[in-house]
Amino acid sequence: MILFSRTASLVLAISDIQSALSPAGEQGASITRLWWIYFWVLTAIFILVAIFLFLAMLPRRKGPVEAGPGAIEQPPAPQERSLAKVVIGAVIASIVVLFVLLFVDFFAGRSIYALNDQNTGDANALTIKITGHQWWWQVDYENKAEPSKMMTTANELHVPVGRPVKLTLQSSDVIHSFWVPNMHGKKDLVPGHPTEMWLTATRAGTFRGQCAEFCGLQHAHMRLIFVADTPEQFEKWMQSSSTDAPPPTDTLARGRDVFMSNQCMMCHTINGTNARATVGPDLTHIASRPMLAAGAIPNTRGYLAGWIANPQNIKPGVRMPPNTLPSDDLNALLDYLESLK
Amino acid sequence: MSTPAKTIDVSHLEPHVMDARSPIWWGNLLLLCIETTMFALLVATYFYIHMNYAAWPPPRATNSNYQTNPALGYPTINLLLILASVVPMFIADRACLRRDAGTVKICMTAMVIIGLVTIALRFLEFGCLQFRWDDNAYAGIVWTTVGMHLLHLVTATAENFILCLWLWIKGMDDKHARDVRVGAVYWYWIAAIWIPLYVIVYFGPRLI
Amino acid sequence: MNVVARTPVPSINAPDAASHHSLDRLWSRAPGFIGWLCSTNHKDIGLRYIVTAFTFFGLAGILALLMRIQLAFPEMHFLGPDLYNQIFTVHGSTMMFLFAVPVMEGIAIYFVPLMVGTRNVAFPRLNAFGYFAYVAGGLLLWGGLLTNTGADVGWFAYVPLSGPQFSPGHRVDVWADMITLTEISALVGAVQVITTVFKQRAPGMSLNRLPIFVWAQVVASFMVIFAMPSVMIASGFLAMDRLTHVNTHFFNPAEGGDALLYQHLFWFFGHPEVYIIFIPATGFVSTMIETFSGRRIFGYTALVLSLIATAFIGFGLWVHHMFATPLPNLGRSFFTASSMMIAIPNGVQMFCWIATLWSGPRLRRAVASAVSADKTQDRATSRARAPGTAHPTARIPTPLWFVLGFVFIFMMGGLTGIILASIPLDIQVHDTYFVVAHFHYVLIGGAVFPLFGAFYYWFPKWTGRMLNQSLGRWNFWTLFFGFNIAFFPMHILGLKGMTRRIYTYVAETGWGNLNLLATIGAGIIGISILLFLVNVFVSRKRGEIAQANPWFAPSLEWAIPSPPPAYNYYFLPSVRGGHALWENPEEQPIVVGLSTEKREVLNTTIMDAQPEHRYELAVDSIWPLLLAIVVGLTMTWFIFSPWAIPGGAFASMLVLFAWFWRGTEPKHLIEAAEGEPAPEDVPEEPATA
Ligand code: HEA
Ligand code: HEA
Ligand code: CUA
Ligand SMILES: [Cu+2]
């Protein structure tokens, strides 16, 4: 089955890293199995009914044609009775099929919830807090040892393969919906209704997620990179991401000063500096992230410069204001930001 | 073949009926179905909002020893008045069947006056609720429910008023007798629907 | 076995021109523009609904094409996000509220009185008011779009995005007030249809002889009555939350309100809404299938019961639109079961239709004779008789093609609906193009295809001329292929992660190819619609003159001339079965003794349709229009201020006083028409081909 969908993807040149049919997680795999059962059963129904419709339209000369174009005629009672038998049979068959589908659905659902229960007791489980903002994702890694020391990042989520992950989900403004198709179905982040979901990655790779509930102007650019790491890679990533930004060397100090003396620090955090605001994404390790602006643009110096100068060009409506900086200030700022690995 | 053998002659049938056989009566009934659905949904909303609160009625942050239960005085008087008004309406309703124009006129005039009084009392009722509509969601739903019912009181009273005017000026014909009877159904409904709403609005905070 | 008598059935039509003229004058609208505005004739109002709704379909379709252009390639800069959001919202809202529901209502208002054998709907002035209120709603929404105040929060306007904090300005208010106006119109129409059917049926038309078409309209009307209040409350709460000086907190979690409450209220309406659109369309399908198969429909009772069952179950499904929200699992499973259950009545309908086609003698013989004519090299004759002419023996008649298209496409959409009903599957495809594909399959397959079939089928009734049948087949095939090319790829896109309501996407997703294909398909649909418009405009004036009953249909509307005279039936008919024109209508008694001075109709008993009493209908009036203007202005004012409600209520009451007072003085308009030249005589029965 999965092969089937892979081939389709290849033919259509669609990437498989944001696909509900190429699961890379336990939950996603159950859903994909269910999908193919439904797909084949319903396709069979479609074909069967279509065949009957086609047969019904076939020419068959019975009785006098001469009766004229306006002829009306009730089929004889025996024919009507056998017709009724067929129709009733079809209805009963449909009911049976529906029960089968309901049954499979029920068990697929059960197996997914069972995973939740099983994971809840798992001491090894990882908890990540996801907060939806217009239009970016805030990601906070719970620190079991020192609860006050959360590790915060944005628009990027790393999880270790094989370890259950509990995502606690909430929204800071409107409804968003967290969806990484290869892992699991989506869950809405409704203000006033914090919720959670469990997932377990089964193979390493980089996947994409996207906000699925319409949330205003930049709903299209509210994406997320989801990286399933091997446990070792994950630990390494956690290590490096939990560090504060190093004090800048002389050459970079100017860039930091630009950051601190402009409006940047009113919205962003860079750990290890005075910038502690949480309106916008945490920038402590911005240089390590492949994309900017929730997946709108790649993280290159050129794009970053354009973004800082006028984000509205790239992502109209985004909450970040334009910054008119002299070009040497801008260059210094870029140097500094690019050093924040 | 322009005159077929068989005909159904309907010229002897009544030109007006004044009861449940009339399309107007049915139209009115369907409108009341719509309005009943409307109130049912308001009540459902009331209980939905109730689920969001630990305490009911919601305590008020600004003034915690403020009376939060609605006062019962005016509302109860108004309830009794609305229920009592069914009597003159019923008399008018019956009098229509007898084509007793005099009684109908008097009862309809009484209905207009009663209607105006209940509307006035209703405005006093808002004061008894103890909160403004924009205090919280609970306040909003209660104001809306009471206000919607007020809208019906106003509509029905206006309808009664114009009918009354017609009766005094032009006298009573069958058509307007039917209108009075249909209006009566509307008024019975207004009275009947207010009983559960009254209980929910004024006793909900005390009982749940 | 018998042959249908040639119709119109003379016994119920005017015996001579003079009698036609006198009754026609009583029931016609006054001449001139004012007379047109005052008309309360159900055929005028019905056609206005249909034409207006179709115009909105065209406009919303143009918006769809704009969206498709924007999405054809990754990172297009054709529409910005602000405009795109307005466009998809207005597209969806227009299609649902200003096209699909009103067009079905228009057809009901036109045909229900004809099919039950009466002269007008029960509340003619209210009917006119309903139409004008609908137009007011349409003008509000589109006026908003054209002044850059187009609603931009999606057709279901979820809070908090649509709330005061995140949508300042007046875009959402425009949307909410459009809802109020169109729902008023829908409610008025529903009351109308039900009362007319309950009280004004022809003698003998007991409920078990009611055409399925009429059943479908009655069932849909009941759904309107119980569903629409919910959306009026949702949009009303939203408007109150948003209005400065009102500032309620229904949906504000900080003050005990709840965003999910809005979703419940909206979908408690929203799901029934889709059946309000679909059920009347099944009525068209049943009508056409019965006519073209030349037999009484298979399983009449089963079909009626499935309509009723669909309506009931339809109120228990709404949570399936909320599967991804944080709701308790157990509660949600109930809605999976009920969503699957609704496949049963739908399946019953499907199977009965196929059984009817299967055993219908007319169609098979027509096909058989066309094929044998071809075989015997008699091509010339077979061609001459078949395409281009209205001959019902031409292989598969054009309206029936649309019905066959319907079965295919709707079935596909229904089956993807079953997928969506499963929670694990739905949380994957919810809010993706898979859902977009589902609902265009069921809406276009389930409502637009039957509607086009109905246009081809009933156009002769409206105009007296046939639409060009072979152009019609082009119309069909372009629509069919265009549709599938446009919407089938969306299933795959959805599964491959393409969420809905995005104004653009990056190239790496690889969604580009399929989107381009979808855009091409949408273009083909556009061509198809153009073909239809050409067909209508040409055939209206130059189409072949239709025979009285061109399809040899069984229902009463074909017993009278096309287009019907203002009074419909000179003598009201009576029936003794469910298929009046197949049952020797000439021998049926006719109703005599109704007033020729007043607009009087016959009321019959609810169950058995026995004559009960006479009932005078109101004459034409300008007050419905004035009331609609007042209500429309009130809702526009309400965008800005809560005082609109008391102010508007007061103004409406004044208008209603006048309405009440004037409406009871008959004839003032009819007398105005007195001096006019006599209308043409009874249309001659067209010569048979
Ligand atoms: C005409 C309109 C119409 C119709 C008829 C339907 C019919 C159905 N719909 Fe659809 N639906 C919409 C219009 C419609 N829908 C719209 C507009 C939306 C989206 C709104 C939005 O989000 O914007 C939507 C969304 C929608 C959702 C929510 C998706 C989501 O947002 O995640 C779901 C979920 O359960 C659903 C289910 C169904 C089901 C089970 C049916 C069933 O009634 C289908 C039954 C029919 C059949 C099954 C086919 C015929 C039967 C047989 C051949 C018998 C044999 C079959 C079996 C044994 C299976 N629909
Ligand atoms: C009955 C309902 C209906 C119908 C018929 C259609 C018809 C079409 N729809 Fe629509 N659609 C919806 C109901 C409908 N839609 C709804 C409810 C939504 C959800 C909105 C939301 O998310 O809020 C939606 C959303 C929607 C989207 C998703 C937008 C998004 O999520 O970002 C798309 C994208 O391709 C789309 C495309 C189309 C297309 C190409 C057609 C085509 O079939 C259109 C064909 C018509 C034409 C091409 C017109 C041709 C006109 C002429 C030739 C000129 C004539 C002019 C006059 C008469 C004035 N629709
Ligand atoms: Cu956030 Cu869409
Ligand atoms: Cu639904």
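The values are calculated or read from the model by the stated rules, or taken from the named source; none is laboratory data. As the structure is a prediction and not an experimental result, all values here were calculated from the model. We place every Cβ from the backbone using ideal geometry, glycine too, and count neighbours over all the protein chains shown. Areas reflect the complete protein model, heavy atoms only, side chains present, ligands, DNA and RNA absent. Shrake-Rupley method; radii C 1.70, N 1.55, O 1.52, S 1.80 Å.
Could you work out how far helix B:174-198 tilts from the main Cα principal axis of chain B, as a 0 to 90 degree angle to the nearest 10?
20 degrees
Where does the longest stretch of chain C lie that holds no GluC sites (Glu not before Pro) found in a DSSP loop with 15 or fewer other Cβ atoms within 10 Å?
Working: sites that count: C:E75, C:E597, C:E680, C:E684.
The longest such stretch corresponds to C:76-596.
Got a sec to turn the phi values of the stretch A:322-328 into Karplus ³J(HN,Hα) couplings, 6.51 cos²θ - 1.76 cosθ + 1.60 with θ = phi - 60°, whole Hz, x for Gly and Pro?
Taking θ as phi minus 60°, the curve returns x, 10, 8, 10, x, 5, 6 Hz for the stretch A:322-328.
Tell me which residues come under 5 Å, amide H to amide H, from B:I8 once H is placed; ignore anything under 5 positions away on its chain.
C:I590, C:V591, C:V592
Residues with amide H under 5 Å of A:T127's amide H, sequence separation 5 or more or different chain, H placed in the peptide plane at 1.01 Å from N; which?
Residues meeting the amide H criterion: A:E142, A:K166.
Tell me the total accessible area that C and A bury against each other, 1.4 angstrom probe, in square angstrom rounded to 100. Walk me through the intermediate numbers first.
Details: alone 27480 and 19340 Å², together 38420 Å².
That pair of chains buries around 8400 Å² in total.
Set Lys and Arg Cβ to +1 and Asp and Glu Cβ to -1, take the dipole of the protein assembly as shown about its Cα centre, and tell me which of C:H42, C:S528, A:A56 lies farthest positive.
A:A56
What is the local net charge at C:E508, summed over the other residues whose Cβ is closer than 14 Å to its Cβ (Lys, Arg +1; Asp, Glu -1)?
Details: positive: A:R208, A:R223, C:K496; negative: A:D16, C:E75.
Here the count lands on +1.
Could you work out how far helix A:231-242 tilts from the main Cα principal axis of chain A, as a 0 to 90 degree angle to the nearest 10?
That works out to roughly 50 degrees.
Of the chymotrypsin sites (Phe, Trp or Tyr not before Pro) in the stretch A:83-115, which ones lie in a loop per DSSP and count no more than 11 other C-beta atoms within 10 Å? Kindly include the intermediate steps, with their values, before the conclusion.
Details: sites: A:F99, A:F103, A:F106, A:F107, A:Y113; in loops: none.
Passing both the DSSP loop test and the Cβ count: no residue.
Less than 16 Å from a label point 7 Å out along the Cα-to-Cβ axis of B:V185: which backbone N atoms in the stretch B:15-30 qualify, by residue?
In the stretch B:15-30, the label zone of B:V185 (backbone N under 16 Å from the point 7 Å along Cα→Cβ) covers B:16-30.
Tally the DSSP beta bridges in chain A and give the antiparallel ones as a percent, rounded to 5.
Among the beta bridges of chain A, antiparallel pairing accounts for roughly 70 percent.
Where does the stretch C:99-224 land on the Kirkwood hydrodynamic radius, alpha-carbon pairs, in angstrom?
Averaging 1/r across every pair of different Cα atoms and inverting gives 16.0 Å.
Not counting ligands, DNA or RNA, and with a 1.4 Å probe, what is B:R132's accessible surface area in Å² rounded to the nearest 10?
Only protein atoms counted, so the area is about 120 Å².
Report the antiparallel proportion of the DSSP beta bridges in the protein assembly as shown as a percent, rounded to a multiple of 5. Before the final figure, lay out the partial values.
On the way: 40 of 55 bridges.
Close to 75 percent.
Under a crude label model (7 Å from the Cα following the beta-carbon direction), how far is B:L31 from C:R542 in nanometres?
5.0 nm
So what does A:K129 come to for accessible area, using a 1.4 Å probe and Å² rounded to 10?
70 Å²
Taking a virtual spin label 7 Å from the Cα of C:I34 along the C-beta vector, which residues in the stretch C:617-637 bring their backbone nitrogen under 16 Å of it?
From the stretch C:617-637, the list is C:620-626.
The stretch C:108-176 to the stretch C:574-634: how many Å between their Cα centroids?
Taking the Cα centre of the stretch C:574-634 as reference, the centre of the stretch C:108-176 is 28 Å away.
How many nm separate the modelled label positions at B:K6 and A:A77, each set 7 Å beyond the Cα in the direction of the Cβ?
Roughly 2.5 nm, to one decimal.
Show the residues, 5+ positions off or on another chain, whose built amide H is closer than 5 Å to the amide H of C:G510.
Close amide H contacts, sequence-distant or interchain: A:S15.
Expressed as an acute angle from 0 to 90° and rounded to the nearest 10, what is the orientation of the C-alpha long axis of helix B:101-128 relative to the principal long axis of chain B?
Computed tilt is about 20 degrees.
On the protein heavy atoms, probe 1.4 angstrom, tell me the percent of accessible surface of chain B carried by carbon and sulfur.
Details: 6170 of 8920 Å².
The nonpolar share, carbon plus sulfur, comes to 69 percent.
Give me the orientation-averaged projected area of the Cα convex hull of chain C, in nm², one decimal. Could you put the intermediate results ahead of the total?
Numbers: hull surface 122.6 nm².
Computing the convex hull of the Cα atoms and averaging its projections yields 30.7 nm².
Per residue of C:338-346, count partner chain C-beta atoms within 10 Å of its C-beta, then hand back the mean as an integer. Before the final figure, lay out the partial values.
Numbers: counts 0, 1, 7, 3, 1, 6, 4, 1, 1.
The shielding value for this peptide is 3.
Roughly speaking, what is the stretch gain from A:R110 to A:N274, that is 0.36 nm per residue apart minus the C-alpha to C-alpha distance, in nm to one decimal? Show your work: numbers first, answer last.
Values: separation 164, 0.36 × 164 = 59.04 nm, distance 4.88 nm.
54.2 nm is the gain from fully extending A:R110 to A:N274.
Report ³J(HN,Hα) in whole Hz for each residue of the stretch A:145-158, in order, from the Karplus equation J = 6.51 cos²θ - 1.76 cosθ + 1.60 where θ = phi - 60°; Gly and Pro get x.
For the stretch A:145-158, the Karplus curve yields 5, 10, x, 6, 9, 6, 9, 10, 9, 9, 6, 8, 9, 10 Hz.
Using only Cα atoms, what is the ratio of the radius of gyration of the stretch A:74-150 to 2.2 N^0.38 Å? Kindly include the intermediate steps, with their values, before the conclusion.
Values: Rg = 27.0 Å, N = 77, 2.2 N^0.38 = 11.5 Å.
In units of the globular-protein estimate, the stretch A:74-150 measures up at 2.36.
Between C:N584 and B:I169, what FRET efficiency follows from the Cβ-Cβ distance if R0 is 45 Å, with the result rounded to 0.05? Present the calculation step by step, with values, prior to reporting the outcome.
Working: r = 53 Å, r/R0 = 1.19.
The value I calculate is 0.25.
Kindly state, to the nearest 0.05, the FRET efficiency for C:V51 paired with C:A18, given R0 = 30 Å and r defined as their beta-carbon distance. Numbers along the way, then the final one.
Details: r = 33 Å, r/R0 = 1.09.
Between C:V51 and C:A18 the formula returns 0.35.
Using a 1.4 angstrom probe with every protein chain in place, what is the largest-first accessible-area order of C:W582, C:W637? Before the final figure, lay out each step's value.
Numbers: C:W582 20, C:W637 110 Å².
Order by accessible area, largest first: C:W637, C:W582.
Accessible area per residue of the protein assembly as shown at 1.4 Å probe, in Å²?
36 Å²
Among A:Q118, A:Q170, A:Q79, which one shows the biggest mean-square fluctuation in a GNM of chain A, springs joining Cα atoms closer than 10 Å?
For chain A, modelled as a Gaussian network with Cα springs under 10 Å, the answer is A:Q79.
Not counting ligands, DNA or RNA, and with a 1.4 Å probe, what is C:V101's accessible surface area in Å² rounded to the nearest 10?
The value for C:V101 is about 20 Å².
Kirkwood Rh over Cα pairs of the stretch B:31-184 into Stokes-Einstein at 10 °C, 1.306 mPa s: D in µm²/s? Please report the intermediate quantities before stating the final value.
Details: Rh = 17.5 Å.
For the chosen part, D equals 91 µm²/s.
If you count, for every residue in B:39-46, the Cβ atoms of partner chains within 10 Å of its Cβ, what is the mean?
Partner Cβ neighbours, averaged per residue: 4.
Say R0 is 51 Å: what FRET efficiency, to the nearest 0.05, do A:K144 and C:N513 get from their beta-carbon distance? Working shown, then result.
Working: r = 46 Å, r/R0 = 0.91.
Efficiency, rounded to the nearest 0.05: 0.65.
Kindly provide the helix-only [θ] at 222 nm of chain A, computed as the sum of -39,500 (n - 2.57) over DSSP H runs of four or more divided by all residues, to the nearest 500 deg cm²/dmol? Let's see the in-between values first.
Values: 8 runs with 137 residues, N = 341.
Rounded to the nearest 500, it is -13500 deg cm²/dmol.
Taking the highest mean first, how do the peptides C:237-248, B:146-157 order by number of other beta carbon atoms within 10 angstrom per residue? Present the calculation step by step, with values, prior to reporting the outcome.
Values: C:237-248: 20.3, B:146-157: 18.4.
Those peptides, ordered most packed to least, come out C:237-248, B:146-157.
What nm value, rounded to one decimal, do you get for the distance between B:A54 and C:F166 when each label is placed 7 Å out toward the C-beta?
2.7 nm
How large is ³J(HN,Hα), in whole Hz, for each residue of the stretch C:135-146 in order, when computed from phi with the Karplus curve 6.51 cos²θ - 1.76 cosθ + 1.60 and θ = phi - 60°, using x for Gly and Pro?
The phi angles translate into 4, 4, x, x, 4, 4, 5, 6, x, x, 4, 6 Hz.
Go ahead and estimate [θ] at 222 nm for chain C from helices alone: -39,500 (n - 2.57) per DSSP H run with n ≥ 4, summed, over the residue count, rounded to 500.
Numbers: 23 runs with 418 residues, N = 689.
Computed ellipticity for chain C at 222 nm equals -20500 deg cm²/dmol.
Considering only DSSP beta bridges whose two residues both sit in chain C, what percent are antiparallel, to the nearest 5? Provide the component values of the computation, followed by the final result.
On the way: 9 of 9 bridges.
Approximately 100 percent, going by the DSSP bridge assignments.
With every protein chain kept in the model, how would you rank C:W623, B:W187 by accessible area, 1.4 Å probe, largest at the top? Kindly include the intermediate steps, with their values, before the conclusion.
Numbers: C:W623 65, B:W187 0 Å².
Sorted descending by solvent-accessible area, the residues read C:W623, B:W187.
If you count, for every residue in A:183-196, the Cβ atoms of partner chains within 10 Å of its Cβ, what is the mean? Provide the component values of the computation, followed by the final result.
Numbers: counts 0, 3, 10, 10, 4, 13, 2, 13, 9, 12, 7, 1, 3, 1.
So the per-residue partner count for this stretch is 6.
Cβ neighbours within 10 Å, averaged per peptide: list C:115-125, C:136-146, C:545-555 in order, most packed at the top.
Details: C:115-125: 25.5, C:136-146: 20.7, C:545-555: 22.7.
Top to bottom by mean Cβ count within 10 Å: C:115-125, C:545-555, C:136-146.
Given 4 °C and 1.567 mPa s, compute D for the protein assembly as shown with the Stokes-Einstein relation, Rh being the Kirkwood radius over Cα pairs; round to the nearest whole µm²/s.
On the way: Rh = 33.1 Å.
In µm²/s, the coefficient is 39.
Within the stretch C:217-250, name every residue whose backbone N is under 12 Å away from a label modeled 7 Å from Cα of C:I308 along the Cβ vector.
Residues passing the 12 Å test: C:219.
Expressed as a rounded percentage, what relative contact order does chain C have, with Cα pairs under 8 Å and six or more residues apart? All intermediate terms of the calculation are to be shown ahead of the outcome.
Numbers: 1183 pairs, mean separation 152.9, N = 689.
With pairs under 8 Å counted, the relative contact order is 22 percent.
Using a Gaussian network for chain A with springs between C-alpha atoms less than 10 Å apart, which of these wobbles most: A:W136, A:W36, A:W198?
Fluctuation is largest for A:W36.
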